[in-house]
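In what follows, a structure is listed as structure tokens, so that the remarks can point back to it.
The values are calculated or read from the model by the stated rules, or taken from the named source; none is laboratory data. Keep in mind the model is a prediction, meaning the values are calculated, not measured. Cβ placement follows ideal geometry from the backbone for every residue including glycine, while neighbour counts extend to all protein chains displayed. Ligands, DNA and RNA are excluded from the accessible area calculation, which covers all protein heavy atoms including side chains. Shrake-Rupley method; radii C 1.70, N 1.55, O 1.52, S 1.80 Å.
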Amino acid sequence: MRVWNYIEEKLKQNKKMHMTLLDPDKQPPEKAGEMAKASAQAGTDAIMVGGSTGLNQANLDSTVQRIKSSSELPVILFPTAANFLCRYADAIYFMSMLNSRNLKYVVGEHKKGAPVIKSLGLEPISMGYIVVEPGMKVGEVGEADLLSRDAFDDAAAYALAAQYLGMRLVYFEAGSGAPEPVPVEMVKKIKSAIDIPLVIGGGIRTVDDAGAIADAGADIVVTGTIVEETGDIQPTLSALITAIKGRSENRK
Ligand code: 1GP
């Protein structure tokens, strides 16, 4: 449980975390390595590798290898299905999309992937995953029964269900590239209902949004698009991460 211990230790120290999502489909492996390096310099805590479309195993393998050789950070797979596996990663979010209409995204792909994960020696980190409106590509591909942006009680109930199912983390996702992140009021409501760490991602691009989401109770904030879009990763991401982690400094 190396990666889980790393996450747990950081959170135990009353720190918030930031994770950077890289999609292997969006750039060549060399570029992904450079992006990971700049993200590490900006203070991100882990690199997540995932995407909602297409899988090219050779490209996934090279991307993860490049990221591993460019930084010391843990690499965690953020899979769409059982075939999104890579022996070079450190861990995998073993995630169930709790609000999918299709059972395969709740548990079916998991049954397919579990023995392979074991044989590859990947560290599984169980996670409940809930897609909030607008959901973007992942909501579509995952056949999500999207959570309304004002359904705060349902959000809290999903999170508590994830905790009671024994999941280590719960992740609320507005979708990569969403015009707006998960509402701050929803984050507050979820946080007050659970004891497991809360992960929030999708549509977080500004320092203000990142800070507000962290302030509202997210323990781990995930961003992806901002690293793809900015011309200068290090300063852009650094400002965002300072806003997230500054919140934990203030809480001490
Ligand atoms: C997607 O939440 C992540 O799973 C990242 O979203 O690309 O919008 O930052 P963005």
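Please report the antiparallel percentage of DSSP beta bridges with both residues in the range 1-144, rounded to the nearest 5.
Details: 1 of 17 bridges.
Bridges in the range 1-144 are about 5 percent antiparallel.
If the chain between V106 and V207 were fully stretched, how many nm would it gain, using 0.36 nm times the residue separation less the Cα-Cα distance? Could you put the intermediate results ahead of the total?
On the way: separation 101, 0.36 × 101 = 36.36 nm, distance 3.32 nm.
Full extension from V106 to V207 adds 33.0 nm.
What nm distance separates the two modelled labels at A151 and R87, each placed 7 Å from Cα along Cα→Cβ?
Each label point is offset 7 Å from its Cα along the Cβ direction, giving 4.2 nm.
Note down the relative contact order for the range 3-246 as a percent, whole number, built from C-alpha pairs under 8 angstrom at least six residues apart.
Details: 519 pairs, mean separation 45.6, N = 244.
Answer for the range 3-246 is 19 percent.
Please work out how many pairs of lysine residues in the range 99-252 are eight or more positions apart (or on different chains) and have Cα atoms closer than 21 angstrom. Present the calculation step by step, with values, prior to reporting the outcome.
Numbers: K104/K112; K104/K118; K104/K137; K188/K245; K188/K252; K189/K245; K191/K245; K191/K252.
Taking the range 99-252 as the scope, the lysine pair count is 8.
Note down the net charge around D61, summing +1 for each Lys or Arg and -1 for each Asp or Glu among other residues with Cβ under 13 Å from its Cβ. Display every interim value, and only then the final one.
Values: positive: R66, K68, R87; negative: none.
Around D61, the charge tally is +3.
Name the most mobile residue of P28, P74, P115, meaning the one with the largest mean-square fluctuation, in a Gaussian network model of the chain with Cα contacts below 10 Å.
Highest fluctuation among the options: P115.
Using the basic label-point model (7 angstrom from Cα toward the beta carbon), what is the K137 to K31 distance in nanometres?
For K137 paired with K31, the spin-label model returns 1.3 nm.
Largest first, what is the accessible-area ranking of K68, K37 with a 1.4 Å probe? Don't skip to the answer; put the middle values down first.
On the way: K68 70, K37 105 Å².
Ranked from most to least accessible, the order is K37, K68.
How about K10: which aspartates and glutamates have a C-alpha closer than 20 Å to its C-alpha, ignoring those fewer than 8 places off in the same chain?
In chain and number order, the partners are D45, E72, D90, E123, D195, D215, D219, E249.
Can you pull the percent of the range 3-246's accessible area that's carbon plus sulfur, 1.4 Å probe, other chains left in place? Don't jump to the answer; show the numbers that get you there.
Values: 5010 of 9940 Å².
In the range 3-246, the share of accessible area belonging to carbon and sulfur is 50 percent.
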